[in-house]
Amino acid sequence: MSSQTRPKLLWLQSITCNGNTHSFLNHPDLFLILSHFELVHHPVLETAYTMEDLLQKKVSCDVLILEGSFQEEGFLKDGVEVSSLIQYYAGQAKHIITAGTCATFGGIFKQKDPAAISGFCFDLEERTMRYKTYASRLISLPGCPIHPKWLSYVLLMIANKRQIEIDTLHRPVELYGYTVHTGCTRNEYFEWKIDTKNFGLKEGCLFYEQGCQGPYTRGSCNKILWNDTSSKTRVGTPCFGCTEPNYPQESLFSTKTNMGIPAKMPLGIPRRAYLTLTGVVKSFKIKRFTERLLDYDK
Amino acid sequence: MKKLQIKQLIEKIEGEAELDFTFSEGKIEDVKINFGFYRGIEEILQGKDPRDALVITPRVCGICNHAHLIAAVRAIENGYENSGVKVELSSKAKDIREFTLACELIQNHVKWLYMTMLPQLEKYVNQESEENYAIKATYLSSIITKALSIFAGQWPHSSYAVPGGVTCDPTHLDVMQAQSLVKESITFFEQVMTGVSLDVYLSIDSVSSLHEIEGDFGKLLYLLGSNEMAEIGQSHDRFIVFGDSLLSRSGKSIVTTISNVESKYVEEALQEGTLAKAVTYKQKLYEVGPLARGMVAKTPIVKNLHKRYKDSLFTRIFARVHEVALLLNHSQRLLETLVLDEPSCVLDANIPLFEFEGTGVVEAARGSLIHRTTVSDGKISQYEIITPTQWNLSHGNQEEQGIAIEAMVGAASIEEATFIFRAFDVCSVCTTQ
């Protein structure tokens with residue numbers, strides 16, 4: 001495909017740590033994916049246009065990737081309000097991808113000034129006043145950071161002119177229809193309500209004591225593994241709910257409980273159903289779950 | 001002669017910076033370095049659970065997030081110790097942390113070599129090649145961060161280091177997979193980066209044997225040497241390292257003397273015209289980073305280069321790429337000797353400690369990174385982050401210009417000066433946080 005016919009891709013940063021940029025650089029097929037597009041500007045990769053061209057609005061774009069939280073006034077690059085830049089390029093883009101929780105919902109940096117800082121089209125779960133203008137072209141990719149394959153999924157769907165099915169917060173359902181709990185290697189311990197005794201052990205579920213938000217956090221971290229290898233929960237770290245609109249919550253390493261029961265239920269599970277099941281499984285003592293995993297039957 | 005002021009936006013440096021150059025008689029006399037935006041991570045942490053810093057602080061920086069995690073966990077552990085709780089990590093936990101940190105440094109240095117230094121140098125000396133350097137950078141960085149994520153779950157933004165150790169409980173299968181990824185990285189280093197075996201490379205200790213280095217690093221050294229760039233970019237020739245690590249012990253190096261340092265003498269001060277704070281040690285400016293580590297550790301080839309070219313651009317660039325070899329070698333050894341049947345974490349998940357103060361220091365890619373946490377009533381009351389770039393990129397004080405500024409002073413063009421600037425591996429997001 002010649003560069004004339006390839007969609008122009010622009011990666012624009014607002015208030016960010018660059019984590020989404022670096023996460024995407026880990027994609028094993030990075031340059032194959034980018035070959036479907038003409039990359040007009042990017043935070044670290046070499047591009048035909050400079051930041052100055054971008055600031056002077058000399059560039060045009062078809063696909064806009066936004067990274068970082070949005071602030072209407074006060075975040076400038078070389079004297080230019082980044083918010084005006086974002087709205088200029090979003091105005092002409094056929095697809096707007098908010099890459100990461102910051103760009104989507106506000107994320108960590110929102111907490112510095114909650115009244116002024118938000119996502120581009122959402123402020124936590126609420127629609128911003130910009131939502132209406134851009135909604136028909138908007139794809140939300142929350143995650144702190146995004147998984148490289150979540151972004152490549154969206155880019156390749158666009159390149160192949162396929163319709164991306166989304167939910168009410170504009171997240172692609174093929175990526176966010178799952179919870180982080182799906183595919184977790186500690187699922188047996190979850191089923192039998194066995195909590196881990198401490199950090200640093202293969203055994204036990206992190207949902208009951210250690211703050212794991214996997215059962216109610218949307219994302220495919222345990223289905224599409226990180227760095228093609230692992231995930232937080234697979235290495236014994238709780239899920240911190242980094243794809244959720246209200247991320248980050250407080251006290252991330254301990255579970256909020258009511259009368260010993262996790263305060264927040266797994267996605268879509270009624271409390272009564274959860275309690276009934278818990279009552280049943282807790283009435284059994286399963287020997288295999290009382291000892292080290294690799295010692296059973298030894 | 002009239003002074004000339006020129007403003008330049010520098011991009012693709014983990015964010016952007018604005019440099020205001022003052023020229024006098026055709027040479028740069030002064031530079032003001034301005035970074036854009038303060039995100040307020042230290043303020044965001046106030047009132048949070050002390051361990052939340054393990055999740056929040058990596059988000060200071062997308063490229064050195066893991067170093068922030070290690071500094072944050074060390075700050076809490078140091079705080080526990082200051083309050084009488086003994087924290088004696090297992091050698092397994094220590095080694096795994098060292099390994100994952102080494103992986104992040106390798107990732108960083110290789111990206112800087114291929115995505116900043118080589119393309120910028122080719123542009124500067126007008127010898128642009130058709131090479132896609134980024135594909136080499138991302139090939140190696142994605143392999144080595146994969147090795148990291150075997151233990152840490154993911155990169156960027158892992159929070160697998162917790163007070164008392166690490167959350168992972170690896171098997172031999174995991175270690176084998178990491179070993180093969182390190183081996184693959186070494187092969188890249190040998191065949192693509194340097195054209196010599198790692199062993200031969202590591203035996204190079206004199207300036208006269210530098211010609212043995214081929215590959216992309218050899219090309220970089222050749223371009224620097226043949227364009228008379230070996231002696232430019234000298235600064236104050238003072239170096240400091242705060243974190244004991246595989247690469248260096250802590251200490252400071254002035255002329256030929258190495259002496260001890262204590263992080264309590266580090267001071268931060270606000271600067272006019274920029275959101276970055278300046279850092280000094282006993283009111284003096286120091287360079288941090290790979291060159292500082294090489295000087296304090298007395299790495300033979302770094303010392304010999306320094307003898308010939310002082311703290312020039314050439315010595316600085318060499319010291320950073322050289323760390324890739326040292327780190328690959330160390331990582332290989334760490335995995336070979338890793339003992340798996342020790343505990344991963346020696347502390348309980350919940351330590352009932354509500355008042356403490358601790359400092360965590362780590363050698364990050366760009367130099368010493370310091371976190372200080374103050375906890376009262378079980379919540380963070382104050383958090384302080386001092387990043388390596390704050391040392392290297394400060395404006396300076398009354399007596400002297402900042403480290404990077406001093407290195408740029410005397411340059412004859414903006415192109416020369418910005419290349420010297422980029423050689424410090426500038427990170428805008430870390431500098432202002």
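The values are calculated or read from the model by the stated rules, or taken from the named source; none is laboratory data. All of these numbers come straight from a predicted model, not from anything done at the bench. For neighbour counting, all protein chains shown are included, and Cβ atoms are generated from backbone atoms with ideal geometry for every residue, glycine included.
Of note:
- Screening the range A:215-261 for residues that are within 12 Å of chain B (Cβ to nearest Cβ) and part of a helix (DSSP H, G or I) and picking the one that is surrounded by the fewest Cβ atoms within 10 Å (Cβ to Cβ) gives A:234.
- Across the range B:256-273, the number of residues qualifying as crowded, with 16+ Cβ neighbours inside 10 Å and either in contact with a Ser or Thr (Cβ under 7 Å, 6 or more places away or on another chain) or assigned to a loop (DSSP other than H, G, I, E, B) (or both) comes to 3.
- Residue list for the range A:263-298, restricted to those being among the β-branched types (Val, Ile, Thr), under 34 Å from the mean Cα position of the chain (by Cα) and either over 17 Å from residue A:205 (Cα atoms) or not in a helix (DSSP H, G or I) (or both): A:269, A:276
- Filter result (among the β-branched types (Val, Ile, Thr) and under 17 Å from residue B:320 (Cα atoms)) within the range B:233-266: B:240, B:241
- Among (1) out of contact with any Gly (no Cβ under 6 Å at 6 or more places or on another chain); (2) of a type outside the set (Lys, Arg); (3) buried (at least 17 other Cβ atoms within 10 Å of the Cβ) - the single one residue B:227 does not satisfy: (3)
- Which listed residue is among the small types (Gly, Ala, Ser) and surrounded by fewer than 24 Cβ atoms within 10 Å (Cβ to Cβ), from B:412, B:417: B:412
- All positions within the range A:127-150 that are part of a helix (DSSP H, G or I), within 14 Å of another protein chain (Cβ to nearest Cβ) and not basic (Lys, Arg): A:148, A:150
Condition check ((1) touching a residue at least 40 places away in the same chain (Cβ under 8 Å); (2) more than 7 Å from chain A (Cβ to nearest Cβ); (3) within 20 Å of residue B:53 (Cα to Cα)) across all residues:
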| position | (1), (2), (3) |
| --- | --- |
| B:127 | yes, yes, no |
| B:131 | no, yes, no |
| B:137 | no, yes, no |
| B:140 | yes, yes, no |
| B:143 | yes, yes, no |
| B:152 | yes, no, yes |
| B:156 | yes, no, yes |
| B:166 | yes, no, yes |
| B:171 | yes, yes, no |
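- Residue identified as out of contact with any Leu (no Cβ under 6 Å at 6 or more places or on another chain), modelled with pLDDT of 95 or more and either among the polar types (S, T, N, Q) or buried (at least 23 other Cβ atoms within 10 Å of the Cβ) (or both) among A:3, A:60: A:60
- Counted residues, the range B:97-149 - those being charged (D, E, K, R), farther than 19 Å from residue B:247 by Cβ and in a helix (DSSP H, G or I): 4
- Residues of the range B:288-334 satisfying the condition of being buried (at least 24 other Cβ atoms within 10 Å of the Cβ) and among the basic types (Lys, Arg): B:293, B:316, B:320
- Of residues in the range B:58-88 being assigned to a loop (DSSP other than H, G, I, E, B) and crowded, with 24+ Cβ neighbours inside 10 Å, the one farthest from the other protein chains (Cβ to nearest Cβ): B:64
- Test result for residue A:189, assigned by TED's automatic domain parsing to the domain that holds residue A:81 and aromatic (Phe, Trp, Tyr): no
- Residues in the range B:329-350 that are outside any loop (DSSP other than H, G, I, E, B) and either within 14 Å of chain A (Cβ to nearest Cβ) or closer than 30 Å to residue A:251 by Cβ (or both): B:345 alone.
- Within the range B:10-28, considering residues that are within 23 Å of the chain's Cα centre (by Cα) and without any contact (Cβ under 8 Å) to a residue 40 or more places away in the chain, the one nearest to the other protein chains (Cβ to nearest Cβ): B:11
- Selection from the range B:291-328 of residues that are in a helix (DSSP H, G or I) and more than 18 Å from the chain's Cα centre (by Cα): B:300, B:301, B:303, B:304, B:305, B:306, B:307, B:308, B:309
- Among the residues listed as B:209, B:180, B:197, the single one being within 14 Å of chain A (Cβ to nearest Cβ), among the small types (Gly, Ala, Ser) and over 22 Å from residue B:73 (Cβ atoms): B:180
- Extreme residue, farthest from the other protein chains (Cβ to nearest Cβ), among residues of the range A:29-50 that are of a type in the set (A, V, I, L, M) and touching a strand residue (DSSP E or B) at 6+ places or on another chain (Cβ under 6 Å): A:40
- With respect to (1) hydrophobic (A, V, I, L, M, F, W, C); (2) within 23 Å of the chain's Cα centre (by Cα); (3) assigned to a helix (DSSP H, G or I), the lone exception for residue B:210 is condition (2).
- Among the conditions (1) touching an Asp or Glu at 6+ places or on another chain (Cβ under 9 Å); (2) in a helix (DSSP H, G or I); (3) aliphatic (A, V, I, L, M), residue B:361 misses just one, which is (2).
- Candidates A:168, A:185 - the one that is part of a loop (DSSP other than H, G, I, E, B), on the phi < 0 side of the Ramachandran plot, surrounded by fewer than 20 Cβ atoms within 10 Å (Cβ to Cβ) and in contact with a helix residue (DSSP H, G or I) (Cβ under 6 Å, 6 or more places away or on another chain): A:185
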